[in-house]
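Here's the structure, in structure tokens; my notes come after.
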Number of protein chains: 2
Amino acid sequence: MELFIKMTIAAWNTQNARLNKLVNTLSNEQLATETAPGRNTGTYLFGHLIAVSDALLPIMGWGEKFYPELETIFLKNPDKSGLEQPSIETLKGYFTTINACIEQHIDTMQVADWFDRHTAVSAADFANEPHRNKLNIMINRTNHTSYHLGQMAYLASKADVG
Amino acid sequence: MELFIKMTIAAWNTQNARLNKLVNTLSNEQLATETAPGRNTGTYLFGHLIAVSDALLPIMGWGEKFYPELETIFLKNPDKSGLEQPSIETLKGYFTTINACIEQHIDTMQVADWFDRHTAVSAADFANEPHRNKLNIMINRTNHTSYHLGQMAYLASKADVG
């Protein structure tokens, strides 16, 4: 794997490993709590990140989403929408399944594949905006995970996070 | 500029532009508030991110820090350490100065420079760990900014952030 691709994927893996560690450190009660008064719960943010990862599959041309129902619950609607959310244990299983699938697809990617257009950009637009490629999706999604991970860190007691 | 470097730098610029927009949208009173009960204030996190950006200069071999005194206040000590913090207006000025300097240095970097080792890794370690280069520093610092930006977003009223 080319070094710069390796670095991009390593950053993605690092943020997902941190997320995995956090959700397995917190109790279900902690995860169900608001990250700050009136803000999203940990469960919602975890579901939101899983839904975004699931949506990587079609956008990268890797296949269909595993759990398309997550889009309505965690992307199109806010927390406390009244929609039923999967249990935390169910979400943890989804997270493992999706990440394992993403990892397998990453292993098959050649350098040129990463610089190919993702499925949400047209060939015409891509001709003018070659940065709208699959590697850029990974860069942006990694920062998206970091953003919400910073919020979810507030679920841990201050003694845990230092 | 090579496309993958352009993408990495674009991500860095995007997160810094978001941070800049946020701190200029919030009042000084909002910025001085805790991002969540008992957590870091916006001022501290802003100072922390500025201190980390200032430290980019030596680690990238771009020169000395502009404001080395920030390290004690915002990196080595927690918020509410009792140490006097620069005013928010002063911090905004620092942020502008440091970012302008970083931008100038980025413009001078050649592809090979980005894959050169940063100053915090020895030549011996770098031989075995070639990913510990300057481009990787930018990738990791961008995610670090995203992490705290997610927390600082809690300073805005919910109406502002949607």
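In the stretch A:26-108, which GluC sites (Glu not before Pro) are in a loop and have at most 15 other Cβ atoms within 10 Å, using DSSP for the loop call? Don't jump to the answer; show the numbers that get you there.
On the way: sites: A:29, A:34, A:64, A:69, A:71, A:84, A:89, A:103; in loops: A:64, A:69, A:84.
Those that pass, being in a loop and sparsely packed, are A:64, A:69, A:84.
Excluding residue B:90 itself, what net charge comes from residues whose Cβ is under 14 Å from its Cβ, given Lys and Arg +1 and Asp and Glu -1?
Computed value for this residue: -3.
Amide hydrogen proximity for residue B:41: with H placed 1.01 Å from N in the peptide plane, the residues at 5 or more positions away or on another chain lying under 5 Å are B:35. Most fluctuating residue of B:148, B:105, B:48 in a GNM of chain B with Cα springs under 10 Å: which is it? Fluctuation is largest for B:105. Relative contact order, whole percent, for the stretch B:1-154 stands at 31, derived from Cα pairs under 8 Å and 6 or more residues apart. Each part reduced to its alpha carbon centroid, the stretch B:1-43 and the stretch A:14-61 end up 21 Å apart.
Sorted from fewest to most neighbouring beta carbons within 10 Å, what does the list A:31, A:83 look like? Please report the intermediate quantities before stating the final value.
Working: A:31 22, A:83 13.
By the 10 Å Cβ count, ascending: A:83, A:31.
Of A:146, B:157, how do they rank once you tally other Cβ atoms within 10 Å and put the fewest first? List each step's numbers first, then the result.
Details: A:146 25, B:157 9.
Least to most surrounded, the residues fall as B:157, A:146.
Volume per residue for the stretch A:7-88 equals 106 cubic angstrom (convex hull of Cα atoms).
Taking 18 Å as the straight-line reach from the Cα of residue B:92, the lysines in range (excluding those fewer than 8 positions away in the same chain) are B:21, B:65.
Which residue fluctuates most in the GNM of chain A (Cα springs below 10 Å): A:23, A:52, A:121? Taking springs between Cα atoms under 10 Å, the residue moving most is A:121. Put simply, the Cα atoms of the protein assembly as shown extend 50, 45, 40 Å along their principal axes, the longest span coming first. Against the longest principal axis of chain B, how steep is helix B:42-59, in degrees 0 to 90 to the nearest 10, with axes from Cα atoms? Its long axis makes an angle of about 20 degrees. Each Lys and Arg adds +1 at its Cβ and each Asp and Glu adds -1 at its Cβ; summed about the Cα centre, the stretch B:37-99 shows a dipole of about 200 debye. Across all Cα pairs in the stretch A:35-162, the calculated P(r) in 5 Å bins from zero up to the longest distance comes to 2, 10, 18, 20, 18, 14, 10, 6, 2, 1, 0 percent per bin. Among B:77, B:136, B:20, the largest mean-square fluctuation in a Gaussian network model of chain B, built with springs joining Cα atoms closer than 10 Å, belongs to B:77. The string of couplings for the stretch A:10-21 from the Karplus curve (6.51, -1.76, 1.60, θ = phi - 60°) is 4, 5, 4, 5, 4, 5, 5, 5, 5, 5, 4, 4 Hz, one whole number per residue in order, with x for Gly and Pro.
Any read-out appearing in this document is the output of simple, stated calculations on the displayed coordinates, not a laboratory observation. Being a predicted model, the structure only gives us computed values, none of them experimental. Neighbour counts run over all protein chains shown; Cβ positions are idealised from the backbone, glycine included.
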